[in-house]
Amino acid sequence: MNYHPKVAIVILNWNGVNHLRQFLPSVLSSEWPNLEIVLGDNASSDNSVAFVRDNYPSITIIQNDANYGFTGGYNRILEHLDADYYILLNSDVEVHPGWITPVIELMESDPLIAAAAPKIKSYLEKECFEHAGAAGGFIDSFGYPFCRGRIVNETEADKGQYEQSGEVFWASGASMFIKKKCWDEAEGFDEQFFAHMEEIDLCWRLKNKGYKVMYCAESEVFHVGGGTLTAENPFKTYLNFRNNLLLIKKNLPFWKGAIVIISRFFLDFAAMLRFLTEGKRKDAWAVSRAHRYFMLHIFESGDHASSTHLKRYNSKLTGMYHGNIMWSFFVKKLRRFTDLDLRRFY
C-alpha cells in the first residue's frame, strides 16, 4: 500500500489505570506509518491521566468533563480528532504489532466498507474466542445478537474454523475500525444506549444506508472483557435488555418492530423466570425494569431513527439470521455457529 491513511487508535478510559498499565505497551507497539494514539478520559477519579502523561508522552490525551458512558464519551472525544480511520479500542485489549494493516487494507479495497473488526479472542483463554465479538457479529430476527464463535454464553475454541474474512452484521466496540466519513454520516453513537449494543445500532444504521461491515480474519486481538461492568452485574443485564428493545424500535419499520417487540415480551419473560429459578433475583428485576423503561419511552422520537433511514430498510441485510437463536440454543441444543442452518442467513 503506497498511500497510508491516517489512523487514530482511541482508547476510552474511566478509572482504568490498571488496564492502561498492563495493555498500553502492546498498543504502543502497533505498526502503522501514519498513526496517532489517543486516550479519551471520561473524568476518571483515579490517576489514569497522570500515569499516561508521565509514562507515555507520545499519547494524545483528551479529557471529558464528566462520565458520559461509552457512547457519549466516544462522541465527545472524536469531535476533537481528525483522521481517516478511527479504531475504538477497549483499554483491556492486547494487540500485536501488525494488527492494523490487514484491516485497513481490507477496508481500503471497497468504498462501501464502513466498519470492520479483527478476530477477537480471550486474553484469559487465548485458544478461545471472546464473548464480545469473536469472529464477527450477527443478529437474529428477534434482535438477539450473537457471534461466529459465540452463541449466548457458549464460546468456541479457535481451531481455524473461521479463517475467511467476510461481511458480518456488526463489529464489536471492543475493537472497531470505522471510516471517519461514515462515523460522521451516521452521527456517531446514539447516547441513549450509554453502554452495550451501541455498536450494533451503529452498524445496523450504516447497513441500512447501504454500507458493509466486515470481519478481518488476518488480524487478531485478545480481550479481557467485563472491565467496567462484569457479566454478573444487574445493571449490565438491565442495559442489555433495555438497549436490545431500543435497537429493535430504531432499526425496524413500525409494523415489523411491533411484531418483534410483542414476541420479545414473552421471550424476555421466560428469561426473567430463568433468572428467578437460578436465584438471580436482581437480574430478573433488571429485565422487568428494562421493559418498564421501554414502555414508558416507546413513543419518544429523540434518537437517531428517522423515516428517511427506515425507508431504506432492507430485510435481507447480510449477517441477519432468519430464525430464533435462543430456540436454537436452548431447545435444539445448537452450540456452535457451524451447527446453524446457513441457508437462513442473508
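Within segment 153-204, being free of Cβ contacts under 8 Å to residues at least 40 places away in the same chain, part of a loop (DSSP other than H, G, I, E, B) and touching a Lys or Arg at 6+ places or on another chain (Cβ under 8 Å) holds for one residue alone: D158. Evaluating N2 against the criteria (1) at pLDDT 95 or above; (2) assigned to a loop (DSSP other than H, G, I, E, B); (3) over 26 Å from V213 (Cβ atoms) leaves one unmet condition, (1). Against the test of being crowded, with 20+ Cβ neighbours inside 10 Å and among the polar types (S, T, N, Q), the options S165, S141, S109 yield a single qualifying residue, S165.
Inside segment 174-188, residues that are over 19 Å from L112 (Cα atoms) and touching a Leu at 6+ places or on another chain (Cβ under 6 Å) make up a count of 1. For C216, the conditions (1) assigned to a loop (DSSP other than H, G, I, E, B); (2) touching a residue at least 12 places away in the same chain (Cβ under 8 Å) all hold with the exception of (1). The set of residues in segment 322-337 being in a helix (DSSP H, G or I) and within 15 Å of I139 (Cα to Cα) consists of I325, M326, W327, S328, F329, F337. Within segment 64-84, the residues that satisfy the criterion of being farther than 14 Å from V38 by Cβ and of a type in the set (S, T, Y) are Y68, T71. You will find that of P102, P25, P118, the residue that is within 26 Å of S219 (Cα to Cα) and either surrounded by fewer than 14 Cβ atoms within 10 Å (Cβ to Cβ) or not assigned by TED's automatic domain parsing to the domain that holds R205 (or both) is P25 and no other. Here the condition is being in contact with a strand residue (DSSP E or B) (Cβ under 6 Å, 6 or more places away or on another chain) and at pLDDT 95 or above; of N13, N18, N34, it holds for N13 alone.
Scanning segment 294-317 for residues that are surrounded by fewer than 16 Cβ atoms within 10 Å (Cβ to Cβ) and either modelled with pLDDT of 95 or more or small (G, A, S) (or both) gives S301, G302, S306, S307, S315.
The values are calculated or read from the model by the stated rules, or taken from the named source; none is laboratory data. Every value quoted in this text rests on a predicted model; they were computed, and no experiment measured them. Don't worry about glycine lacking a Cβ; one is built from the backbone with ideal geometry, like all the others, and counts go over all protein chains shown.
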